[in-house]
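Here the structure is laid out as structure tokens; the discussion comes afterwards.
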Amino acid sequence: MTIGSKQLLTFGRRTGIALAIAVLFCCFASAALASTLDDYQSRIRLAQNAIDEMESASSTETGYRTIDHQKVAEIRKLIPRTENIDWPGGTVATDNAWLHDELDKYDADFDSLKRAAIRTSMSERLNAISDAVAETKAATAGEHSKDEDKQKLAEILKRGEYQKPVEADESLFQRLRRKFLEWLADMFPKMNIQPHEPSAGMGSLAVVLQVLLYSALAAGIIFLIYKFFPRISGRFKKRTGGDKNDRVILGERIADDHSSSDLFAEAERLAREGELRLAIRKGYIALLCELSDRKIIGLARHKTNRDYLRDLHSKKDIFENVVGLTGSFERHWYGSQASEMKDWEEFRSLYRRTVQGA
């Protein structure tokens, strides 16, 4: 059976229309699959939690490799290599190939020190991405028109707490307080002492009664504290858990018995072994630990190197040196600059000058 040219032309047109519809469907489907900023930030935080669980599992003697494989697979699923993110300014394509490359290195390496460094690097970079997303959300949320601000202000001023308070009756606490004070006043006799009346003995008795009453109240309060405070404090300690003396600096947990001198000695050992990049990082952590021991800065788990630098802005005697050490740490740890022995020697020299100046 032969097909005429007219039938072929009609078939070609129908095929072209079907292909165009299929392309439009794919475009709309890809747009529908785009994620939001909130969802992207939530998945980044879940990935950070998975890295923290990998760090906790690495301290156990058995089973940590199985947990690592599970968490690596979970992080890959949470953060794809690339995806589209919708935000008020449009749609942007993310590139998270670096995370998958770091996960490949982590999964293939068996050295615990290098694996810990990879975990810390991934956690810090994910934290920086999360902060950037939060700043973007805050910037878009602040773009209101003046009319919207006025409307919002009017709605706030209509709330009950901003209205003129109504005269309220005496509360239960105020009533109990008043009765207690009245009872306390009734416990002591009110002496109407006139200058001509010889009532020195009664005044002395009132003073003795006051002292005895206050002593009894103080003894009762001390007994209650002695009886119930250990139980309350014990429950609180169980609820908080963990070793509160450990310090966390840039994602690395430092035991309480490790001083800044111990950390810098470890950095020296890493430098002698050729691990210059790790040596500079360990030396920078030793610097922050030293400044914390001298009460110049305060350590916190969430703080970054830039946060510590802002804390030192008013310390003119060491600020410039710390800026140089921070720049060296960022170039060699986050950047692609190769670390050489002269870089470590310069870092060590500036470290010692900073410690002496502090």
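The values are calculated or read from the model by the stated rules, or taken from the named source; none is laboratory data. None of these values were measured; they are calculated from a predicted model. Glycine gets a Cβ as well: all are built from the backbone with ideal geometry, and neighbour counts include every protein chain shown.
Among the residues of segment 18-76, none is identified as among the β-branched types (Val, Ile, Thr), under 22 Å from residue 302 (Cβ atoms) and at pLDDT below 85.
Among the residues making up segment 92-112, those that are touching a residue at least 24 places away in the same chain (Cβ under 8 Å) and surrounded by 12 or more Cβ atoms within 10 Å (Cβ to Cβ) are 94, 98, 99, 100, 103, 106, 107.
Can you say whether residue 321 is surrounded by 18 or more Cβ atoms within 10 Å (Cβ to Cβ), more than 30 Å from residue 99 (Cα to Cα) and touching a residue at least 12 places away in the same chain (Cβ under 8 Å), as far as the supplied structure shows? When the stated conditions are applied, residue 321 passes them. Among the candidates 330, 345, the residue that is closer than 17 Å to residue 275 by Cβ, assigned to a helix (DSSP H, G or I) and among the acidic types (Asp, Glu) is uniquely 345.
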